[in-house]
Structure formats: C-alpha cells, structure tokens
Amino acid sequence: MTARVIDGTAVARRVREDVGRGVAQLVAAGGRAPGLATVLVGDDPASEVYVRNKRRLCVAAGMQDLHRHLPGDVDQASAAALVDELAADPQVSGILLQLPTPRHLDSDALIARIPAEKDVDGLTTANAGLLAQGRPGLRPCTPAGVMALLDEYDVPLAGAEAVVVGRSVLVGKPMAQLLLARHATVTVCHSRTRDLPEVCRRADVLVVAAGIRGLVGRDAVKAGATVIDVGIHRGDDGLVGDVESDAVAEVAGALTPVPGGVGPMTIAMLLANTLTAARVQQGLAD
Ligand code: NAP
C-alpha cells in the first residue's frame, strides 16, 4: 500500500483564494480591507523568512500589510507599547507576534496584551479558554490547518481514535481540543509517554508534532491510518518532518508530505483568521 498524499499546497491555495474573495466581499459591503500587523523582533533569519511569506500572502489576498519591526535589543516596555498601539489601532484587524522572541523578552506577557479579537494566532488565554469550552473564537493556525486538511480529504473523525504526539500550547494541546470537539477519542502523547509506538498504533488519525526528526516510524502506524506530520526540520537534504515518511507511506492510508503538507496551511489559516477578525470587528460577520 502506498499512502495517498495529502496535498497541503493545493488546499492552502484554495483557502487563500476563498479568503481573497471574502476580503473583496467585505470591501464591497462597505467594510475596510483587513489589516495584519506582523511583529518581528530582531533579525533571526528563519523568522524573517516566515514573516516575509506571511506579509506577501496577506497582500496577495487583498489585505493591508501593517508589519512592524523592532530591534533585537528592544526592551519589554517598548515592545509592550507597540502591542498596545496596534491593539488600539482600528486599521489593525490582527496582531501576530513572531515567535520565538529574543530571550530577554517575556513573550507570554506581550501576547497577553493582544486583545482576544485581534489574536489571529489564537494564543491568548482567552482564545485558549474559548477553545477548551467549545465556544467560537480564533483558533491557533497550525492545528486549524490540520483540521482543514482532514476535512478536505473527508477523514472521518466522529468516534475515530486520534493520537496527538506533542502537548505544546502552539500545536499539541489545541490540536487535541479541536479533534475532541469533532468527537474523536483523543490520546495525547508527550516526552514521558511509555511505549510511544504502541500508543500511536491505536490511531486512525495520527498527528505528530514533537519536533524530533523521524520520531514516528513504520512500527508506530496502523495500516490505513491518516498521518499528519507537523514537524519541520531543516537538514542538508532539505526539509523533513517528525515522521519517517518513506517507510510510513508503505502502511499509512494517507500522509502529509514535508514540505507541502501542514506548513502552507498554517499561513492560509492565519489569513482566514485575519478575515474573520476583521468581519467581527466591523460588525460584518456572517
Ligand atoms: P515544542 O513546543 O517543542 O513541543 C514538542 C512536544 O513534543 C512537547 O509536548 C514534548 O513533550 C513532545 N515530545 C518531545 N519528545 C517527545 C518524544 N520522544 N515522544 C513524545 N513526545 C515528545 O514544539 P511545537 O512548537 O509543538 O512544534 C513541534 C514541531 O512542529 C516542530 O518541529 C516545529 O518546527 C513544528 N511546527 C510546524 C509548524 C508548521 O507550520 N508546519 C508550526 C508549528 C510548529 P513534553 O511536553 O513532555 O516536553
């Protein structure tokens, strides 16, 4: 068996096109084009690339690019003042603080200043709480992108065994909540899990977000399972994930590639969140 390839590049393109149409409708209805304020602190090359892509695709979708760049040695008070300025600016629909920030800054404290309705990364405690309670709110982009891929490929979730590897605030925890909300039976694994392959083999849907290259091999995958590889590692041989993709493709029913799987979905969902935020703020939500 060779796993079906879940084409995140194609799905992300469709999501971005939908967002572009939504932006045009918002403007035609008398609204303002959504504005995305990406905030980059310092000049980490990987973060610069991520932010550049977000800004480019934001403009391509018809949104305003309201990017701000702070020097790497900025103090906490000045960074907080910028977040407060963006929070108060009606042109700004969404604020995204690019992580990680330099070590001397308290990024949690900065995120806490982002109003929930502008928190397009879905990382504030308010939005995490809304997700935990199953109430509407802005969802973290990467797990939301995974859900969009599962839906696009008609992967059954109600009653399915779902295993999430990783429990980060950014990916694993919200991923588990989103799967639970769709009536999957969810197990979350982490660094203290005993016998990871044994737990993973239960999964009809296996989402791997551990940040360890090749952590999940063929022995951890049930025949026919849907495997979503969130991991990204930059090696000499290009980008690879947390899943041993060649071996797993022989047993899985469907598998996301790296690159071209979850990665493009993260930015697409950021744009979708920014449009949602703008609609709500302008009183033009569906
Ligand atoms: P993270 O904050 O480092 O969290 C990693 C999680 O994996 C932790 O919960 C950790 O457990 C768990 N873990 C570590 N070793 C493990 C092991 N041997 N067995 C089982 N679980 C283990 O990472 P993250 O931010 O969630 O990101 C995870 C990966 O996804 C990274 O490779 C990152 O680059 C990638 N990522 C990709 C995208 C995208 O757009 N595609 C977006 C975000 C992240 P403990 O809690 O016990 O430490």
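Looking only at residues in the range 100-114 that are outside any loop (DSSP other than H, G, I, E, B) and not aliphatic (A, V, I, L, M), which one is surrounded by the fewest Cβ atoms within 10 Å (Cβ to Cβ)? Spell out the reasoning first.
Residues of the range 100-114 outside any loop (DSSP other than H, G, I, E, B): 107-111.
With the extra rule that they be not aliphatic (A, V, I, L, M), the set shrinks to 107-108.
Working: Ser107: 18, Asp108: 12.
Per the criteria, the residue is Asp108.
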Query raised in the report: Which strands (runs of 3 or more DSSP E) sit wholly inside the range 23-99 and have at least 2 residues that are touching a His at 6+ places or on another chain (Cβ under 8 Å)?
Result: 35-41
Requested in this report: Being more than 16 Å from the chain's Cα centre (by Cα) and among the basic types (Lys, Arg) is the filter; apply it to the range 1-49 and report the residue that is farthest from Arg234 (Cα to Cα).
Outcome: Arg32
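At pLDDT 95 or above, more than 20 Å from Leu96 (Cβ to Cβ) and within 15 Å of the ligand (Cβ to nearest atom): is that true of Val169 in this structure?
On the way: at pLDDT 95 or above: yes; more than 20 Å from Leu96 (Cβ to Cβ): no; within 15 Å of the ligand (Cβ to nearest atom): yes.
No: the conditions fail for Val169.
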Requested in this report: Can you tell me which residue within the range 134-166, out of those that are among the small types (Gly, Ala, Ser) and more than 15 Å from the ligand (Cβ to nearest atom), is most open to solvent (accessible area, probe 1.4 Å)?
Outcome: Ala158
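The values are calculated or read from the model by the stated rules, or taken from the named source; none is laboratory data. This is a predicted model, so every value here is computed, not measured. Neighbour counts are summed over all protein chains in view; Cβ atoms, including those assigned to glycine, are modelled from backbone coordinates with ideal geometry. SASA here: full protein model, heavy atoms, side chains in, ligands and nucleic acids out. Shrake-Rupley method; radii C 1.70, N 1.55, O 1.52, S 1.80 Å.
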